[in-house]
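Single-structure report; data block below.
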Amino acid sequence: MEKRRTQVKQNRTVNGKAGIVSAFWGIVCTAALSVQVVVADAGQAGLDLKYGMNYDSTPISLEGASKILVVLTKLQQNFPLDSWAWSVGAVALAFLLYHLRQYNTQKPGVPMGILSLCFGVIQVLGLSICKLDSWAFVSDNFYQLLLALFCMLGYAGLFYHAVWGLYVWLQRAGNGRLRQPRSKLAMAFDRYPGRVAAALILLGWTPWVLACLPGSVDWDSHTQICQVLGSMEMTDHHTVLSTWLHGGCLWLGRMLGSDNLGGFFYIFLQCLVCAWAYGQVVAFCAKLRCPRGVQYGVTAFFALVPAWGAFAQSMVKDTLFAAVFTLFFVYTADLLLFPKAFRETKVLWLRYGIVALLSCLLRKNGSYAVVPTLVLVAVLVGKSGLRKICAGIAVGTVAVYLGFGLFTGQILGIPSAGGDLLLSIPLQQTGRYVCVYPDEVTEEERQAIDAVVDYEQIRDSYEPQISDGMMALYKDPSRQELQTYFATWFSMFLKHPTCYLQATQANSFGYYTIAESRSPYEYYMYINQPSMDWKELNIAYLDTGGTARYLLYQWGLLFKRIPVLGLLTNRGFVVWGLVAMLCWLFRRRRVESVPLAVCLGIYWLTLLASPVNDLLRYFLPILACAPVVLAISLLAGKKSGQNTR
């Protein structure tokens, strides 16, 4: 009896401690989320100091007040909202955290705690850049530093507990029973998951395609079309194969009497390939015996999330590339998990080699991710006797890719786009330095910069989130001039290193910060008709009224603001979710996840060096591959007896 009383007392103590800790983190995390990312105004704080104390004759001012009083006064500007709504959120979060603490076996360790702190720092710096275009929210004064540190702690705690909850769900869902389907559609889905999912995805895209017939055509695509038709010079700025596909479809339509028909040919081909590719993602989830809710959820993700329908009807090179890259990712995971199937079925190697090559030929940064992935796969499948074949595919892919470049460049005479694209990051850093510290630029530095870009135009051309303005000033300098520029660039970095860091983050924060997208190019639902007329193209929407298009476009913008659902296409949320799942796979010692992590990691790094921040079409491949990582994470959560390998 005494032993039982002792046990009850211990349980109460543990539960009480868990309740206090949960309440603390619930309040801190909710408060961090509610903070307004602004620099508190000293003048307003001075007025707030006297508010409600008009009859107090004490001679006090903000300048002479204690730091504690200054902090309390300025907090009113960073927490301007009524507390009741956020109080509900804090209570709900504390309740969830209290129940989460029952699952100690899935509790993330110290390494995840360190990663959570990194997330907190990166998130707050990213929000500051997003809202203020600088780190002023963090570094403007002592008060801002204290507030930023508090927010970093709150975001770190939120991330840590979110990962904890994810690990619990992966463990429980991975070991759940796979129930037998009952309806005819469910039985058909169970038997042919890839085909049925592809059909449902196409059905979900149909309203977008019909509303935008023959399809939207952005500037890049119309440039590619004009290059093939001969009204613009052909270059490899956009990959030649992608340009040939765009121009070839329009040429075929024009031969049949309609530019609109040619545009629709491309959209029709694109929809078929994309739907089939994303159907293969669902089929892969089914192969790993993921819960049916996950399989149906992935299908709905591709069919109903507005981003996929919007890009399915858009004639832009990234849509087709995203589908092919996703197929490469799926086949890579398939090879790593089921090498026996590749040993027995040679056609699997053929399709793997084809999608690897196409991933390189349809977009230049595809090769940066594909080739290292193939090398790592060859190393990991060595024990299965498949190393030579995989190495052969890697060598063959590189050889054909380079050979294709030599063929188009040397034999067909298609000129290169130039190397200014590789200078996106340093040019943005130089642009920000000149705009922020113009009086500190010496005459020698000015001359070194002017030899590479037009110095006089920098202040008018520099845009923090897009480097096209700076790259348009590029002068194609000599090697000696470039060397002098980089020496100057480095010396300027030593004087103001944070300026360079802020320039880089301003041009990339959207790919790793959970914030509202500020890109005006979220969905490509337009036709550059003035440009079309200029180049004698005749592509126009069949629906001249445009009501259906505007309804869909506004629905797409509204979707981003729906709680939880809007996070599905948030670049920062998806990236950190992938990081959490990959950490789970490493924790479960899934060695085959290394090539997959490298593949997505390298491609993500190319986004950081890309000319445009937070661009959804650049991010589509990572977004499409996320369900594959989720499926493998669920597989890793299974007990050894339930493993499908």
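The values are calculated or read from the model by the stated rules, or taken from the named source; none is laboratory data. Note that the coordinates shown come from a computational prediction; the quantities given were computed from them, not determined experimentally. Heads up, the Cβs are rebuilt from the backbone with ideal geometry, glycines too, and the neighbour counts pull from every protein chain shown. With ligands, DNA and RNA removed, areas are computed over all heavy atoms of the protein, side chains included. Shrake-Rupley method; radii C 1.70, N 1.55, O 1.52, S 1.80 Å.
Using 23 Å as the Cα-Cα cut-off, could you pick out the over-long pairs in LYS107/LYS638; LYS346/LYS388; LYS364/LYS388?
Long pairs (Cα-Cα over 23 Å): LYS364/LYS388.
Residue by residue, what Karplus-based ³J(HN,Hα) values in Hz, rounded to whole numbers, does the stretch 259-266 have, using 6.51, -1.76 and 1.60 with θ = phi - 60° and x for Gly and Pro?
Working through the residues one at a time gives 5, 4, 5, x, x, 5, 4, 5 Hz.
How much accessible area does TRP25 have with a 1.4 Å probe, in Å² rounded to the nearest 10?
Near enough 50 Å² of accessible area.
Highest first, please rank the peptides 261-270, 342-351 by the mean number of other Cβ atoms sitting within 10 Å of their residues.
261-270, 342-351
Please report the relative contact order for the chain, taking Cα pairs under 8 Å with a sequence separation of at least 6, and give it as a percent rounded to a whole number.
Computed over the chain, the figure is 17 percent.
Along each of its three principal axes, how wide is the spread of alpha-carbon positions in the stretch 290-329, in whole angstrom units, largest first?
Each principal axis gives a Cα extent; for the stretch 290-329 these are 34, 24, 8 Å.
At 7 Å along Cα-to-Cβ for each site, give me the label-to-label distance between VAL400 and LEU482 in nm.
About 3.1 nm separates the two model spin labels.
For the stretch 223-278, just say rounded, prolate or oblate: build the C-alpha gyration tensor, square-root its eigenvalues into a ≥ b ≥ c, call rounded for a/c under 1.5, and beyond that prolate if a/b exceeds b/c, oblate if not.
In terms of gyration-tensor shape, oblate.
How big is the stretch 476-616 by Rg and Dmax over its Cα atoms, in Å?
When restricted to Cα atoms, the stretch 476-616 yields Rg and Dmax of 21.3, 59 Å.
Can you put ILE129, ILE20, ILE354, ILE389 in order of accessible area, largest first, using a 1.4 Å probe?
Output order, biggest surface exposure first: ILE20, ILE354, ILE389, ILE129.
Stokes-Einstein diffusion coefficient for the stretch 114-268 at 20 °C in a medium of 1.002 mPa s, Rh from the Kirkwood formula over Cα pairs: what value in µm²/s?
After rounding, the answer is 100 µm²/s.
Cβ neighbours within 10 Å, averaged per peptide: list 630-636, 199-205, 324-330 in order, most packed at the top.
Result, highest mean first: 324-330, 630-636, 199-205.
If you work out Rg/Rh (Cα atoms, Kirkwood Rh) from the coordinates, which of (i) 1.23; (ii) 1.00; (iii) 1.28 do you get?
Read-out from the structure maps to (ii).
Quick one: which of 566-578, 403-415, 584-596 comes out on top by average Cβ neighbours within 10 Å, and what's the full order, highest first?
566-578, 584-596, 403-415
Using modelled backbone amide H atoms (1.01 Å from N, in-plane), which distant-in-sequence or interchain residues come within less than 5 Å of MET315's amide H?
Result for MET315 returns SER216, VAL217, ASP218.
Under 17 Å Cα-Cα from LYS131, which aspartates and glutamates qualify once same-chain neighbours fewer than 8 residues away are excluded?
Cross-link targets: ASP41, ASP140, GLU463, GLU516, ASP614.
How large is ³J(HN,Hα), in whole Hz, for each residue of the stretch 177-188 in order, when computed from phi with the Karplus curve 6.51 cos²θ - 1.76 cosθ + 1.60 and θ = phi - 60°, using x for Gly and Pro?
7, 8, 6, 6, x, 10, 6, 5, 5, 5, 5, 5
With a 1.4 Å probe and all protein chains in place, put TYR526, TYR155, TYR278 in order of accessible area, largest first.
My answer, sorted largest first, is TYR526, TYR155, TYR278.
Between LEU304 and ASP454, how high is the FRET efficiency from 1/(1 + (r/R0)^6) when r is the Cβ-Cβ distance and R₀ = 51 Å? Nearest 0.05.
About 0.60, to the nearest 0.05.
Report the calculated FRET efficiency for VAL71 and LEU567 (r = Cβ-Cβ distance, R0 = 45 Å), to the nearest 0.05.
That pair, VAL71 with LEU567, gives E of 0.90.
Using a 1.4 Å probe over the heavy atoms of the protein chains, calculate the carbon and sulfur portion of the accessible area of the chain as a whole percent.
Its accessible area is 64 percent carbon and sulfur atoms.
Specify whether the C-alpha gyration tensor of the stretch 355-417 places it in the rounded, prolate or oblate class, a ≥ b ≥ c being the square roots of the eigenvalues: rounded for a/c under 1.5, otherwise prolate if a/b is larger than b/c and oblate if not.
Taking the square roots of the gyration eigenvalues as a ≥ b ≥ c, the stretch 355-417 is prolate.
From Cα pairs below 8 angstrom and at least 6 apart in sequence, can you work out the relative contact order of the stretch 319-385, rounded to a whole percent?
For the stretch 319-385, the relative contact order is 39 percent.
What number, rounded to the nearest 500 deg cm²/dmol, is the helix-based mean residue ellipticity at 222 nm of the chain, given -39500 (n - 2.57) per DSSP H run of at least four residues and division by all its residues?
Result for the chain: -22500 deg cm²/dmol, rounded to the nearest 500.
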